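Here's the structure we're looking at; comments come further down.
Just so you know, all these numbers are worked out from the coordinates, no wet-lab data involved. All values derive from a computational prediction rather than experimental measurement. When we count neighbours, we look across all protein chains shown, and the Cβ atoms used for this are built from the backbone with ideal geometry, even at glycine.
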Amino acid sequence: MKKSLFIFATVLFANCFFSQEKLLTIQEAVLKGRTVLAPKRLQVMFVPESNNFSYTNNDTIKLSSNADAKAKYVISRTELNSVLKKDGKDTLSSLGMITWKNTNRFYFVNKQGEWLYSIDKKTISASDQKATPPGLDSINEFKKGEIYSYSKGNDVVVVKEGKETQITKDGSYTIVNGKSVHRDEFGIEKGTFWSPKGNMLAFYRMDQSDVKDYPIIDWTSYPAKNRNIKYPMAGNSSHYVTLGIYDLTKGTTTFVKTEGPKDQYLTNIAWSPDEKKIYIVIVNRAQNHFWVNEYDAASGNFVKTLFEETDEKYTEPLHEMLFVKNDPSKFIWQSRRDGYNHLYLYNSDGSLIKQLTKGNWEIKDVNGFDEKGQNIFFHANEQSPVNQDFYSVNIKSGKMTRLTKNAGFHTAILSEKGDFFIDNFSSCYVPREYRVVNCATAKNNTVFKSDNPISEYKLGKWNMFTIKNAEGQDLHCRLFKPANFDSTKKYPVIVYLYNGPHSQLVTNTWMTGGELWYQYMAQKGFIVFTLDGRGTSNRGKAWEQAIHRQVGTKEMEDQLKGVEYLKSLPYVDANRLGVHGWSYGGFMTTSLMTRHAGVFKVAAAGGPVIDWSYYEIMYGERYMDTPQENPEGYKSNNLLNHVQNLKGKLLMIHGAQDPVVVWQHSILYHKKAVDKGVQLDYYVYPGHEHNVLGKDRAHLMEKICNYFIDNL
């Protein structure tokens, strides 16, 4: 018996040892890093008009009670297929997305369309929801299949109960209707906005006639063809935006009378609950002043300015007003006026009632209200800049309650009544957990815990920590050590960075938010290090605005503090440091290689901004002002002026169809390198835009990783 146990234990140990010797391929690390080798995700949702939630896992749908998370029904793919087969329908190879009609029926899709499944009767029927036609551009639904709008070319079409009405007819290359404007800045994600009852549709109209054409070449054509886009570069003419309102009952369109300079920004569109008013946040082109304006929806006439905000550097409204549930006389506004993004309660006439939240932390996302409208729920990083928790605040008393407990990153889905939430939790060493939590009692039930998806592989250990910058502020860092780490050896380091606005790379999530290719490089004997410096998000206004008019300066100071830390480690080879980043990270990588030449031996810069005067108005002028207003800032941070300082190996990569950081940036850098007799490695991805996606991403990362392996 003892001998059998010994043999079993030996075999078990051997299996564990060899399973953890498995090595990642670059294809696995890149193409599977966010799918099968990422912590497992469930399709979790609350069931409408019930006290239940559901989740889909391993071809099984479970319907459970919010209160105790006990399964009421279990529906398998086998069961569904049996019913489909009986009715002569196509079966399912996997369970896709479902949508609940009520606690007994849900919608699902197979190759033949959408169906409604009855749990108690175990029958399927044709969906009672009208399907919107497939392939429509920029669709915006008010009621599925019955009331919706879509873009046709650059015009807007409204569909109501099967009747199509083209509400704009001037769409062209220069006139764009119903699509996102202002280069998707200011939180803008769409171009049409339904009124609360679906009687009216507001839509953007963008006139690009004064914006210069920019060539994007299609290299796959014979011969190659040019496709122009409108690209407003800093300091040049911008596009002009107005807002139209189409009345479905009258069949008429009225344009809102937004007086002021043509190149101002129209942002954060909101409707009053009674559909009589529409609100637009007007931002001046200098982006240091905005007005929250009220307009009459029927006439388009200006009513009044509710309030305004200014900032000596820039102000960036990202969220429209949110009317309090069951009380249309009040609304919530998000502002960083006290230095951090917080909630403010206003009367509908624009008078401030009070500030609801306060502290040296940021509101990150607002989720909604409870059933009576007494509490508002939101995500915030009150505990730490790298953490995210779920909170509620009572609108009357101002009492704030933290609803999640474990240190890490919580992403919550709130129930319709606001009495329960589903908590999707992760932390540095916890892959993923789902819990259902009672908002009032904090009682929670764990629904699912993900296994470590890369436990079979040979891994490098990782950790998260802080160091201080020159100002004494915390810099959040993460570090991946090589697999089979030996503290007596010296290792090369790759610094992966971005360090631009609207970014945060280091978070208390699984693997500290790191990519799986870090582990691939750890298996190759590299340390991979990342630091979030000044200019990044979720640390308050002063932290982000530190880069104003001098992008690439304070950020480099903080990144070099990271280099100091790395050089202090006895197992780091200070002569073998590499740096890699994309977009703003490509700008930072190239800056470090030339403005602090010699610190890094090898670098890979993807899609880099080289000359900020070639970048778009909305983003570029926010952080740099115009080239005319800030000539010294543009000159000192123009990387063409530092090419001659390059030391070491630099690989520069660009997508040939990039409409964001246009190809001209790196082409001009390449030309300047040739002019100065500086050697530069250069690679282009034809057919790709700002990011290299799909199967070619593995090709990209293999090239970058091999560049460090070969040269570092």
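Between LYS160 and SER455, what's the calculated FRET efficiency when r is the beta-carbon distance and R0 is 41 Å? Round to 0.05.
Details: r = 54 Å, r/R0 = 1.31.
For LYS160 and SER455, the calculated efficiency is 0.15.
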Using θ = phi - 60° and Karplus 6.51 cos²θ - 1.76 cosθ + 1.60, couplings along segment 546-562 (whole Hz; Gly, Pro as x) | 4, 8, 4, 6, 9, 4, x, 9, 4, 4, 5, 4, 5, 5, 6, 5, x
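So what is the relative contact order of segment 462-711, in percent, for Cα pairs below 8 Å that sit 6 or more residues apart?
Numbers: 500 pairs, mean separation 40.9, N = 250.
That works out to 16 percent.
About its Cα centre, what dipole magnitude does segment 603-712 give when the only charges are +1 on Lys and Arg Cβ and -1 on Asp and Glu Cβ, stated in debye to the nearest 20?
Once rounded to the nearest 20, the dipole reads 400 debye.
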About its Cα centre, what dipole magnitude does the chain give when the only charges are +1 on Lys and Arg Cβ and -1 on Asp and Glu Cβ, stated in debye to the nearest 20?
-> 2100
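Pairs LYS62/LYS111; LYS32/LYS443; LYS458/LYS695: which exceed 32 Å Cα-Cα?
Details: LYS62/LYS111 23 Å; LYS32/LYS443 36 Å; LYS458/LYS695 24 Å.
With Cα atoms farther than 32 Å apart: LYS32/LYS443.
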Cα centroids of segment 230-269 and segment 624-693: how far apart, whole angstrom?
-> 33
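When DSSP assigns beta bridges and you keep just the ones with both residues in segment 462-711, what percent turn out antiparallel, to the nearest 5?
Values: 12 of 35 bridges.
In segment 462-711, approximately 35 percent of DSSP beta bridges are antiparallel ones.
Given a cut-off of 18 Å, name the pairs among LYS257/LYS277; LYS197/LYS277; LYS304/LYS358 whose C-alpha atoms lie farther apart than that in the structure shown.
Values: LYS257/LYS277 13 Å; LYS197/LYS277 13 Å; LYS304/LYS358 28 Å.
The pairs that break the limit, which is 18 Å between Cα atoms, are LYS304/LYS358.
Helix-derived [θ] at 222 nm for the chain: sum -39500 (n - 2.57) over DSSP H runs of at least 4, divide by residue count, nearest 500?
Estimated from H runs of four or more residues: -5000 deg cm²/dmol.
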What list of ³J(HN,Hα) values in whole Hz, one per residue of segment 474-486 in order, does the Karplus curve 6.51 cos²θ - 1.76 cosθ + 1.60 (θ = phi - 60°) give from phi, with Gly and Pro shown as x?
-> 5, 10, 7, 10, 9, 9, 9, 8, x, 4, 6, 4, 10
Once you have a ≥ b ≥ c as the square roots of the Cα gyration tensor eigenvalues for segment 327-376, tell me rounded if a/c is under 1.5, and otherwise prolate or oblate according to whether a/b is larger than b/c.
-> oblate
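Only sites in a loop by DSSP and with at most 10 other Cβ atoms within 10 Å count here; which GluC sites (Glu not before Pro) in segment 148-197 make the cut? Let's see the in-between values first.
Values: sites: GLU161, GLU164, GLU185, GLU189; in loops: GLU161, GLU185, GLU189.
Qualifying residues, ordered by number: GLU161, GLU189.
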Give the long-range amide H neighbours of VAL156: residues separated by 5 or more places, or on another chain, with amide H under 5 Å away, using H modelled in the peptide plane at 1.01 Å from N.
-> ILE167, THR168
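Can you check how the C-alpha radius of gyration of segment 462-711 compares to 2.2 N^0.38 Å, as a plain ratio?
On the way: Rg = 17.3 Å, N = 250, 2.2 N^0.38 = 17.9 Å.
Working it through for segment 462-711, the quotient is 0.96.
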Out of TYR685, PHE485, PHE290, whose Cα points farthest toward the positive end of the dipole of the chain (charges: +1 Lys, Arg; -1 Asp, Glu; placed on Cβ)?
-> PHE485
What whole number of Å gives the distance from the Cα centroid of segment 24-49 to the Cα centroid of segment 382-396?
-> 27
Using label points projected 7 Å from each Cα along Cα→Cβ, tell me how many nm separate GLU141 and ASP90, to one decimal.
-> 1.9
Two pseudo-spin positions, 7 Å from Cα along C-beta at ASN706 and at PHE307, lie apart in nanometres by 5.8
Could you work out the local net charge near VAL30, counting Lys and Arg as +1, Asp and Glu as -1, over the other residues with Cβ closer than 13 Å to its Cβ?
-> +1
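With +1 on the Cβ of every Lys and Arg and -1 on the Cβ of every Asp and Glu, and nothing else charged, how large is the dipole of segment 462-711 about its Cα centre, in debye rounded to the nearest 20? Please report the intermediate quantities before stating the final value.
Values: 26 positive and 24 negative charges, 146 e Å.
Charge dipole of segment 462-711: 700 debye, to the nearest 20.
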Note, segment 21-31: 3J(HN,Hα) by Karplus (6.51, -1.76, 1.60, θ = phi - 60°), whole Hz, Gly/Pro = x, goes 8, 5, 9, 6, 8, 5, 5, 5, 4, 8, 7
Built amide H within the under 5 Å cut-off of ILE147, gap 5+ | PHE142, GLU161
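Between PHE465 and GLU632, 0.36 nm times their residue separation minus their Cα-Cα distance comes to what?
Numbers: separation 167, 0.36 × 167 = 60.12 nm, distance 3.61 nm.
Result: 56.5 nm gained on full extension.
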What residues qualify as long-range amide H neighbours of ASN288, i.e. H under 5 Å apart, gap of 5 or more or another chain, H built at 1.01 Å from N?
-> THR315
Top positive-direction residue, dipole computed over the chain with Cβ charges, set SER118, THR253, TRP271 = SER118
Can you list which of the chymotrypsin sites (Phe, Trp or Tyr not before Pro) found in segment 524-615 are DSSP loop residues with at most 16 other C-beta atoms within 10 Å?
-> TYR571
Label-to-label distance, nm, for residues given as ASP207 and ASN228 (7 Å Cα→Cβ offset) = 1.8
Which residue, chosen from ILE353, PHE377, GLN388, occupies the Cα position most advanced towards the positive end of the dipole of segment 330-407, where the dipole is computed from +1 (Lys, Arg) and -1 (Asp, Glu) charges on Cβ about the Cα centre?
-> ILE353
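Report the GluC sites (Glu not before Pro) located in segment 414-511 that are in a DSSP loop and have at most 16 other Cβ atoms inside 10 Å of their Cβ, or state none.
Values: sites: GLU416, GLU433, GLU456, GLU471; in loops: GLU416, GLU456, GLU471.
Here the GluC sites (Glu not before Pro) that fit, given the DSSP loop and packing criteria, are GLU416, GLU456, GLU471.
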